[in-house]
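The values are calculated or read from the model by the stated rules, or taken from the named source; none is laboratory data. These numbers come from a predicted model, not from an experiment. Backbone-built Cβ (ideal geometry, glycine too); neighbour counts: all protein chains shown.
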Ligand code: GDP
Ligand code: MN
């Protein structure tokens, strides 16, 4: 579960990492009261789960109450990557001397958590990872013992940090690693990790993803964190695994492996997946309808590919779910369904009666058909 910045910041604070004093506001009046307590200048930040918020105009420094009210008014209701902002973080403005990047995340290739540190923090770490990957220092971490201080310090030194900053940042990164493990994180990232004009390191942003399987142990409930209902939350409520991507084909498949293979096929046919949705086994008609609605609501989706292999699932249930959406919502995006297995004839008949193309053969065949239709749109 991804936490909002204000929750992530709280997690960092509890782990001993310095952050700017801040408060949470859900109305313009609350924002004004919060800023008055903190003292100007402050920075007003849209609380959305999507990345790239700063670039999208979701972070606004303000000098006085007039500017604060204007910024808060423009941020409330603002949509960033399909997410509407209804909460603001009001933080005391920082006098920044340097911005670094520090994060711990699960690295699938290394099969371990990895510390990533970079002397060039700020908003464009993703670009840097592509254009100048050598600038990212990486240290694979053991899940059995925390790294020794000198191992962390070496990485930070190799990233080019010197002088008084080196031991101070090392301490912060050490706290970050301990927090990652203590809170069962899948990702815990500070970008930027700033050094202020007075030399003190301060986390100016927090991105925390808690391992869903550890929520109970962490005393968290999946629904508590987010006030607005996101597509991710709807997916969780429907019991399906959903990940938003940035292409144009929504992929729904019965099983994570089939979903990944489907995405590969979509890519091989010259398209890109807009979302990944794994229905799991035994999906009901109602949850199938919700899965399709979530996929259709994903920003960027122009077509949907459903790849269902029904063993525990039932093709008729799946088809009824799809038919509900076709009948009630009349989606504009074309759909192609490849479906085989339990009750397939019944399922095919339901879909065919709604003029939904059904592929009975190979995945490639279905995706090629979809790619051709997309090109014609
Ligand atoms: P993100 O784009 O969603 O990652 O938003 P961040 O919270 O990381 O903010 C984006 C950028 O805004 C940072 O890299 C900083 O350069 C800047 N920023 C954030 N907080 C402050 C602040 O208190 N003072 C100043 N001067 N800049 C800030
Ligand atoms: Mn950031």
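General remarks:
- Among all residues of the range 67-77, there is none that is within 12 Å of ligand 1 (Cβ to nearest atom) and touching a strand residue (DSSP E or B) at 6+ places or on another chain (Cβ under 8 Å).
- Unmet criterion (only one of (1) surrounded by fewer than 18 Cβ atoms within 10 Å (Cβ to Cβ); (2) within 16 Å of ligand 2 (Cβ to nearest atom)) for residue 88: (1)
- Against the test of being buried (at least 17 other Cβ atoms within 10 Å of the Cβ), closer than 24 Å to residue 345 by Cα and in contact (Cβ under 8 Å) with a residue 40 or more places away in the chain, the options 294, 252 yield a single qualifying residue, 252.
- Selection of the range 118-155 for residues being part of a helix (DSSP H, G or I) and either within 16 Å of ligand 1 (Cβ to nearest atom) or at pLDDT 95 or above (or both) yields 125, 126, 127, 128, 129, 149, 150, 151, 152, 153, 154, 155.
- Pairs where the first residue, in the range 190-201, is under 16 Å from residue 51 (Cβ atoms) and outside any loop (DSSP other than H, G, I, E, B) and the second is within 15 Å of ligand 2 (Cβ to nearest atom) and modelled with pLDDT of 95 or more, C-beta under 6 Å, 6+ apart: 190/102; 190/203; 191/101; 191/205; 192/99; 192/204
- Cβ pairs under 6 Å, 6+ apart, first in the range 46-59 and more than 11 Å from residue 78 (Cβ to Cβ), second within 6 Å of ligand 1 (Cβ to nearest atom) and part of a loop (DSSP other than H, G, I, E, B): 54/123; 55/123
- Subset of the range 45-66 that is surrounded by fewer than 17 Cβ atoms within 10 Å (Cβ to Cβ) and over 27 Å from residue 1 (Cβ atoms) - its residue that is farthest from ligand 1 (Cβ to nearest atom): 66
- Residue that is assigned to a loop (DSSP other than H, G, I, E, B) and either more than 16 Å from ligand 2 (Cβ to nearest atom) or under 26 Å from residue 133 (Cβ atoms) (or both), where the choices are 110, 31: 110
- Filtered residue count, the range 219-241, keeping only those that are part of a loop (DSSP other than H, G, I, E, B) and either modelled with pLDDT of 90 or more or crowded, with 18+ Cβ neighbours inside 10 Å (or both): 5
This table checks each residue for (1) touching a strand residue (DSSP E or B) at 6+ places or on another chain (Cβ under 8 Å); (2) in the same structural domain as residue 170 (by TED's automatic domain parsing); (3) over 15 Å from residue 191 (Cβ atoms).
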| position | (1), (2), (3) |
| --- | --- |
| 2 | yes, no, no |
| 8 | yes, no, no |
| 27 | no, no, yes |
| 47 | yes, no, yes |
| 54 | no, no, no |
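- Filter pass, residue 304 being in a strand (DSSP E or B), assigned by TED's automatic domain parsing to the domain that holds residue 318 and either more than 18 Å from residue 81 (Cβ to Cβ) or touching a strand residue (DSSP E or B) at 6+ places or on another chain (Cβ under 6 Å) (or both): yes
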